Amino acid sequence: MKYAFFGGQEHQKSLIPLLKNHVRDEEDPEYVFSLGGDGTILRAVQRYAKTNATFIGINMGKLGFYTDFEITEFSDILKSIENGTHQTTAFSLLEYQLIGKDDRIVGIGLNELAIISPVHTHIIEVDIDGEHFESFRGTGFLISTPTGSTAYNKSCGGSIIDPKIEALQLTEVASINNRIYKTLASPIVFSSDTTVVLRSDFANTFLSIDGIELKTSTINQIDVKLATQKVKFMTRPHYDFWKRVKKSFLN
Ligand code: NAP
Ligand code: MN
């Protein structure tokens, strides 16, 4: 198999001898070993999602919501790949388009697209499937996937969504609701065939995908929907999302 490492430079050296029957291919790997926490995996997915690789999250003392394995299990992980007994779980990705007068930037995300205006309140027109829905005024929005629902979305009062449900969640960040401005003011969960469009002047707005800042020029429209492509993670047998939620947030 062709593999790549992502993160954990200091640990890679001790693992390379175990991989001597395999080919390191940083451009087009079939398996990506992510050494770190969720931030490492999120960046690995940004880098490699297009290759259709299987991601293996090896936790290095972080929360590691996406990381199923410890480094001490590396030989066992490898054996299960070699004899084809490893399990994978596919997770939804979101797909965004940032549209300006002269350009169009497209990309995917595993957690969320965050649109935040920390200084001045932001007026954003929200369209659902081509119909105007509401005029928002406030700090911003998060648009998250089911696996991203336990991240930033959770901090902003969004619901936790079982990743078996193919859905996209729109969560407000500090909306102003008064006589003049009105929004629905609750998180909304959309089905997989919905496109959410946000229209505004995003020149002074922070845009980030999975915690990575997006540098943009003049954007006036943001389209988001669930991607048709999914991402594959190696998981333990009997992957159970609610056990993972309990372990991460309650234990
Ligand atoms: P970070 O600041 O380390 O992330 C904050 C925490 O969120 C970390 O403990 C991280 O786990 C955890 N996390 C990431 N994805 C998660 C998920 N799907 N479910 C549950 N917990 C999750 O930054 P980062 O590691 O680069 O991660 C980027 C993410 O941070 C963004 O996608 C966003 O969701 C989140 N974030 C949250 C807030 C907030 O809640 N106020 C603000 C900004 C960003 P690890 O310790 O394993 O990294
Ligand atoms: Mn982190």
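The values are calculated or read from the model by the stated rules, or taken from the named source; none is laboratory data. Note that the coordinates shown come from a computational prediction; the quantities given were computed from them, not determined experimentally. All Cβ positions, glycine included, derive from the backbone under ideal geometry; neighbour counts span all protein chains shown.
Within region 15-33, residues that are in the same structural domain as ASP68 (by TED's automatic domain parsing) sit with their Cβ atoms under 7 Å from residues that are in a loop (DSSP other than H, G, I, E, B), at 6+ positions apart or across chains, in these pairs: HIS22/MET1; PRO29/ALA53; GLU30/MET1; GLU30/ALA53; TYR31/MET1; TYR31/ALA53; VAL32/ALA53. Selection of strands (runs of 3 or more DSSP E) fully inside region 164-245 by the criterion of at least 1 residues being touching a helix residue (DSSP H, G or I) at 6+ places or on another chain (Cβ under 7 Å) returns 167-175, 221-235.
Restricting ILE128, ILE58, ILE81 to residues that are surrounded by fewer than 21 Cβ atoms within 10 Å (Cβ to Cβ) and under 15 Å from THR235 (Cα atoms) narrows the list to ILE81.
Residues that are away from ligand 2 (no atom under 16 Å from the Cβ), small (Gly, Ala, Ser) and either over 19 Å from VAL196 (Cα atoms) or buried (at least 23 other Cβ atoms within 10 Å of the Cβ) (or both) within region 136-173 comprise GLY140, SER144, SER149, GLY157, GLY158, listed in sequence order. Does GLU73 qualify as being within 16 Å of ligand 1 (Cβ to nearest atom) and among the acidic types (Asp, Glu)? Spelling it out, it is not the case that GLU73 is within 16 Å of ligand 1 (Cβ to nearest atom) and among the acidic types (Asp, Glu). Look at (1) more than 16 Å from ligand 2 (Cβ to nearest atom); (2) over 22 Å from ILE143 (Cβ atoms) and you find that GLY100 fails only one, number (2).
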